[in-house]
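Report on the structure given below.
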Amino acid sequence: MNVRRLERPDLDDYRRASQVGAPYWAYLEALNTDLRFRTFLDLGVELVVAEENDEYRAACFVLPDLLDHGGRPEKIVWLFQLAATRDARNAGALLLLAMREWYPTMMSVGVTDEAARVYRAMGWKSNEDVWRCVRPIDIGAVRNEEGRRLGRWARRGLGVGGVVYTIGTRLAESSVGFGATRVAPSQPETKTTLPVGTHDRVRSVAHYLPVHSIQQGHDLLQAVDVGGIARIVSDNTTGIGRHRAHARLWKSLRGQGVRLIEQVALSPAACRTSLFSGYFPIRMPVYVWSRTGDPSPIFQDFARSGFGFADCDKIL
């Protein structure tokens, strides 16, 4: 099996690599368009692939990035959609071994349980003080999408409880969200102007993903819809205005095909604040491999940076 680094992939390379991971990330299949892959080209996304008989048996997308390290930018890469075909499970580990020669610092977040086991077995370190704080928007869609991983009684409870949850949350959204202004969401292939303060990477993905914005006075709350999961990428709202802006965003996402909304928390205190706001914290470790062997400085910089979904691959 031949492992190759593609520093300048073309659109067909991206298509072929995305098919390797299709069984694992079905919700991304509809997003795998030329618009998405052209954005990858603009962002410099590389590929590392394992080939056999002219077929990709494993593939990994690699997003180059810079991490502020004591005022000095350090080159890192984010690995995403690392996958192997069902009959070549060990090929993913081969990719990771080869990548040590090409990338001095690699990071990965929001990985599958299987990938986490591989990272740990290969000596990667993890920062456990990262959470994704989740709130269902469409409980029926959550049940349909996630239900196959739940037991029969859990599915039934989610169905019955979902009716009460939906009624209660809609009433709360209508009452609490008063005063916050919804900005028309940006849509792919349109000339919609994004609000001032929008992250550069968010502007890039707006070519193929909807971006939802809520103005609360001079403050901005923003989320990117990635295949039915709205990920908050900007939030400088505070106090009661924060509750109003979030409630208005939840309400605006209904009927948009969004089943979940989530945001990042970097401390137990931030988790408690999110829980009070209606989000449920779930650990989302960040895995790191570095040639230095000690990722402690990286984790310290990471926490200080105010990391969010716009700072990694999770909105691509």
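The values are calculated or read from the model by the stated rules, or taken from the named source; none is laboratory data. From a predicted model like this one, the values you see are computed outputs, not experimental measurements. With ideal geometry, Cβ positions are generated from the backbone for all residues, glycine too; neighbour counts draw on all protein chains shown.
Remark: pairs (first residue in the range 12-29, in the same structural domain as residue 41 (by TED's automatic domain parsing) and in contact (Cβ under 8 Å) with a residue 40 or more places away in the chain; second residue of a type outside the set (Ser, Thr, Tyr) and assigned to a loop (DSSP other than H, G, I, E, B); Cβ separation under 7 Å; 6+ apart in sequence or on different chains) = 18/32; 27/227; 27/228; 28/227. Taking residue 253, is it more than 14 Å from the chain's Cα centre (by Cα), modelled with pLDDT of 90 or more, crowded, with 19+ Cβ neighbours inside 10 Å and among the aliphatic types (A, V, I, L, M)? Judged against the criteria, residue 253 is a match. Do we have residue 247 as more than 30 Å from residue 43 (Cα to Cα) and either modelled with pLDDT of 85 or more or among the β-branched types (Val, Ile, Thr) (or both) here? Yes: the conditions hold for residue 247. Every residue in the range 226-248 that is of a type outside the set (A, V, I, L, M, F, W, C) and either touching a helix residue (DSSP H, G or I) at 6+ places or on another chain (Cβ under 7 Å) or surrounded by 21 or more Cβ atoms within 10 Å (Cβ to Cβ) (or both), please. Matches in the range 226-248: 227, 228, 231, 234, 237, 243, 244, 246, 248. Scanning the range 117-140 for residues that are of a type in the set (A, V, I, L, M) and farther than 24 Å from residue 268 by Cβ, we see that the one that is surrounded by the fewest Cβ atoms within 10 Å (Cβ to Cβ) is 121. Of the strands (runs of 3 or more DSSP E) lying entirely inside the range 37-108, the ones with 3 or more residues being over 26 Å from residue 298 (Cα atoms) are found at 46-52, 55-69.
Need pairs with beta-carbon distance below 7 Å; first residue farther than 15 Å from residue 226 by Cα and within the range 245-261, second in a strand (DSSP E or B) and among the small types (Gly, Ala, Ser); sequence gap 6+ or separate chains. From residues that are farther than 15 Å from residue 226 by Cα, the pairs are 249/223. Within the range 16-36, if we keep just the residues that are part of a loop (DSSP other than H, G, I, E, B) and touching a Lys or Arg at 6+ places or on another chain (Cβ under 9 Å), the residue that is farthest from residue 226 (Cα to Cα) turns out to be 23.
Could you tell me whether any residue of the range 234-243 is in contact (Cβ under 8 Å) with a residue 60 or more places away in the chain and more than 20 Å from the chain's Cα centre (by Cα)? Looking through the range 234-243, at least one residue is in contact (Cβ under 8 Å) with a residue 60 or more places away in the chain and more than 20 Å from the chain's Cα centre (by Cα).
Residue 277 fulfils the conditions (1) over 28 Å from residue 67 (Cβ atoms); (2) in the same structural domain as residue 109 (by TED's automatic domain parsing); (3) of a type in the set (S, T, N, Q) except for a single criterion, (2). Taking the range 101-128 as the range and being closer than 20 Å to residue 17 by Cα and touching a residue at least 60 places away in the same chain (Cβ under 8 Å) as the test, the residues that pass are 102, 106, 107, 108, 109, 110, 111, 112. The condition of being in contact with a helix residue (DSSP H, G or I) (Cβ under 8 Å, 6 or more places away or on another chain) and without any contact (Cβ under 8 Å) to a residue 60 or more places away in the chain does not hold for residue 66. When the range 5-32 is filtered for residues that are surrounded by fewer than 13 Cβ atoms within 10 Å (Cβ to Cβ) and modelled with pLDDT of 95 or more, the ones remaining, listed by number, are 7, 8, 10, 12. Considering each residue of the range 137-155 in turn, at least one proves to be in contact with a strand residue (DSSP E or B) (Cβ under 6 Å, 6 or more places away or on another chain) and at pLDDT 90 or above. Taking first residues from the range 283-304 that are surrounded by 12 or more Cβ atoms within 10 Å (Cβ to Cβ) and partners that are small (Gly, Ala, Ser) and in a helix (DSSP H, G or I), the Cβ contacts under 9 Å between residues at least 6 apart in sequence or on separate chains come to 285/116; 287/115; 287/116.
When only residues in the range 98-113 that are among the polar types (S, T, N, Q) and farther than 18 Å from residue 315 by Cβ count, which is surrounded by the fewest Cβ atoms within 10 Å (Cβ to Cβ)?
Only one residue tops the list, namely 112.
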